[in-house]
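Since the structure comes first, as structure tokens, the remarks are kept for the end.
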Amino acid sequence: MNFLKNINVPINTETVDRVQLEKISGKNIYETICILENICQKINNQIKKDLDSKLEEFNFLNKNNLEEIFENKEQIELSKLYEKLPKSTSISIQYLLNGKIKV
């Protein structure tokens, strides 16, 4: 989640002027959406990779004995943290608005 540290992304949905997005990207809105979609997929993959690596620490379950499933407080807190993250679409739009995407 290092890629989220230097960017202020709103957690709630905000309306963004499409003309502003077109001016920043220098492309029409359809090309801009395609660019944002590619960035969004990369962000999703990075978030999933980070979460998977952190969840590996909690992989103590014996696959042969499913009765030993228990709730881990740290794992619940980690899940809550990732649930509170802004959507990857919001992150990619904020990257474009902040000039962090080279188009």
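Assorted remarks:
- Computed over neighbours whose Cβ is under 13 Å from that of GLU57, the net charge equals -4, Lys and Arg +1, Asp and Glu -1.
- Full extension of the chain between GLU74 and ILE29 yields a length gain of 12.0 nm, computed as 0.36 nm times the residue separation minus the alpha carbon distance.
- Cα→Cβ-extended label distance, 7 Å offset, between TYR82 and GLU14, nm: 2.6 nm
The numbers here are math on the coordinates, done by the rules we state, and not lab data. Keep in mind it's a predicted model, so treat the numbers as computed, not measured. Virtual Cβ from ideal backbone geometry, glycine too; neighbours counted across all protein chains shown.
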